[in-house]
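Below is one structure, written out as structure tokens; comments come after it.
The values are calculated or read from the model by the stated rules, or taken from the named source; none is laboratory data. These numbers come from a predicted model, not from an experiment. Here Cβ is always computed from backbone atoms with ideal geometry, including for glycine, and neighbour counts include all displayed protein chains. Note: areas computed on protein heavy atoms with side chains; ligands, DNA, RNA excluded. Shrake-Rupley method; radii C 1.70, N 1.55, O 1.52, S 1.80 Å.
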Amino acid sequence: MPTPRQRSRLALQLLAFGLLVAGTAWLAFRVSLATGLAELQVTGRHRLDLYTSSLEWEIDKYAYFPTTLGLERDVVKLLTAPAATPAETEAVNQYLEQLNERAGTFSIYVLNTQGQVVATSNWRRPDSFIGEDLSFRPYFRQAMENGSGRFFGIGTTRGEPGYYLASALTDARGTVGVAVVKVGLTHLEKSWGTAEAPALVADENGVVILASVPDWKFTTLKPLDESTRGSFDRTQQYNRRALRPLGVEERAELDHGARLVHLPKTGANVVSLIPVSGDFLAQTQPLPGTPWSITVFSHQDPVRELATSRAALAGAGAALLFIVGVMLNQRRRHLKERLAARDALQRAHDELERKVEERTRELSDTNTRLQAEVVERTRAERTLREAQDELVQAGKLAVIGQLSTGVAHELNQPLAALRTLSDNTRKFLERGDQATATGNLVRIAELVDRMGRLTSQLKSFARKSSGEAQAVSLNKALDNVQFLLEQRLKRAGVNVSLDLPPADLQAWCDANRLEQVLVNLCGNALDAMAGQPEVALDISARREGERIVIQVRDHGPGLSEAAQSRLFEPFFTTKEAGLGLGLGLAISAGIARDFGGTLSGANHPEGGAVFTLDIPAAPGGPTP
């Protein structure tokens, strides 16, 4: 039994171990996260420049259109003549119509100095702009005052959003009217939708006017005051749209104006190939020549996942170094104790020799007997030290053996499933079955996550599971188990019979551990039926009050009396050497206890073995 001093030393070692692993993992996570965010900022800056260039090019290629209308004599004549004839008006309308079709713009129209539309490209439509008073539009006032105007808004006639480019038309007497070109930017938004990061363009009031995510359009990045909303109502810039808040939540500010933000989920019907909600790195810059700003959102999850993986690797490395250091220190102390014992023995022997030499010849017989006793004692001490060394080494090998065999047993089934899924995915990709291949890749990712949690499951022998209990679908768990054992079931030709109630049972436990127990029970059943002429696997489940009872029965030879008495004993197995470690049922029983349930085994009256798993039912589930 360890002394208080030994217990204190062990507690200090465990504390140092925990602090070293946690500190190393935390430091690795912070450094990796900072590096990843810096790289993400560089990538986001390149995306900003690309989006800005594409938007500038899209707008600038139409910038000269309104001005060129002032070179058309028929247009100027229509604005300056006291009374234009219908033929003159129709000629200008046809010219604007042809120009609009070739340019691919929404509409082109001409206003007189009072702001009334006198000619338009959509003159043939029932909702033509002819005669409409647009003097309230800001682009008209800007063109009349400054010679040109630019404005983004929603059309008051057809409700189409677009960018308006306006230019004053002049002659020798001064300004005679205003030419306007309405440009659509929808195809530019669609091209942004295929990029790796979502983006948006906001006006000077924080209203989103362009966005790669349709649900973001005509939302606001900040609350609008009453004066701004009143201005929108007067100019009808957004045609009385609700302009709801986008809900961008800022979490932290970084260097160079970058920000860590959280975006809420968009509408339920929105489908996107890239993440549009969650945690992002936001970067904003102004658009030259406009009061607008463009923002790019780079998703943080890949950076955080990489930082987490590196932190886990660093923690594992620190733990390994600590364990090696402890082992080396133990060996050093052991060697020091051996040397001290040998020195003490040598000193005692020398002292004895000195005393023997000082004695008289009369004591020679006594001296001889004393020397023989010393030799015998030396031999006994050497034998004792060797036995102690062997016991220490055996203890170390036992601990290492338990850990290595436990981890090997728990990782064996997920690794086999990964191999099966990867082979199937390759075949599905060769056949062009992308949907099935994608499903297999999702399952591979789930198995990889599960393998990362397998090592913690061995702790269930000594303490209660730390996994949080939740409602788990039993049907889904059984589907996953059959999927993992699919190849073994096919090779063995086993017919699986499921006896489940119509309503899906909901168990109150941890999903991954429930699947682990079911896989162990089904795998043991398959091993028990090896070489049998009739192989079948019966799985049934029912609810009894607040409990769920699951039974797994094989059609094998059954359990012997000796096996029944030692079923859940660690390292006990009835399998041949090399085919089992004897840990599966012991681990499963520990997991069942963590659930607040039990696991038992017996022989079925009709033959074969049956294992019964009794676990709590989820609160509020269906009752029989």
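Just a few scattered comments:
- Scoring G523 on the criteria (1) surrounded by 15 or more Cβ atoms within 10 Å (Cβ to Cβ); (2) within 19 Å of A617 (Cβ to Cβ) leaves a single failure, condition (2).
- Every pair of residues 6+ apart whose Cβ atoms lie under 7 Å, when the first sits in the range 456-482 and is under 17 Å from A592 (Cβ atoms) and among the hydroxyl-bearing types (S, T, Y) while the second is modelled with pLDDT under 60 and open to solvent by less than 90 Å² (accessible area, probe 1.4 Å): none
- Residues satisfying the stated conditions in the range 90-129, i.e. over 53 Å from the mean Cα position of the chain (by Cα), among the hydrophobic types (A, V, I, L, M, F, W, C) and more than 17 Å from V76 (Cα to Cα): W123
- In the range 140-161 there is at least one residue that is within 39 Å of the chain's Cα centre (by Cα) and either within 30 Å of Q41 (Cβ to Cβ) or at pLDDT 80 or above (or both).
- Of all the numbered requirements in (1) open to solvent by 40 Å² or more (accessible area, probe 1.4 Å); (2) modelled with pLDDT of 80 or more, D233 misses one, and that requirement is (2).
- Inclusion of R331 among residues that are over 28 Å from R382 (Cβ atoms), among the charged types (D, E, K, R) and in a helix (DSSP H, G or I) is not warranted.
- Condition met for V31 (under 30 Å from L185 (Cβ atoms) and assigned to a helix (DSSP H, G or I)): no
- The condition (being among the basic types (K, R) and modelled with pLDDT of 85 or more) is satisfied by just one residue among R47, R102, R30, R5: R102.
- Scanning the range 487-522 for residues that are part of a helix (DSSP H, G or I) and touching a Gly at 6+ places or on another chain (Cβ under 7 Å) yields a count of 2.
- In the set (1) open to solvent by less than 80 Å² (accessible area, probe 1.4 Å); (2) in a helix (DSSP H, G or I); (3) without any contact (Cβ under 8 Å) to a residue 60 or more places away in the chain, the condition left unmet by G315 is number (3).
- Filtering the range 91-109 to residues that are free of Cβ contacts under 8 Å to residues at least 40 places away in the same chain, touching a strand residue (DSSP E or B) at 6+ places or on another chain (Cβ under 9 Å) and open to solvent by 70 Å² or more (accessible area, probe 1.4 Å) leaves only Y95.
- Residues that are in contact with an Asp or Glu (Cβ under 8 Å, 6 or more places away or on another chain) and without any contact (Cβ under 8 Å) to a residue 40 or more places away in the chain within the range 195-215 comprise A211, S212, listed in sequence order.
Results for (1) part of a loop (DSSP other than H, G, I, E, B); (2) polar (S, T, N, Q); (3) within 29 Å of A503 (Cα to Cα); (4) modelled with pLDDT of 85 or more, shown as yes or no for each residue.
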{"position": "P570", "(1), (2), (3), (4)": "yes, no, no, no"}
{"position": "L579", "(1), (2), (3), (4)": "yes, no, no, no"}
{"position": "A586", "(1), (2), (3), (4)": "no, no, no, no"}
{"position": "G590", "(1), (2), (3), (4)": "no, no, yes, no"}
{"position": "P605", "(1), (2), (3), (4)": "yes, no, yes, yes"}
{"position": "F611", "(1), (2), (3), (4)": "no, no, yes, yes"}
{"position": "I615", "(1), (2), (3), (4)": "no, no, yes, yes"}
{"position": "G621", "(1), (2), (3), (4)": "yes, no, yes, no"}
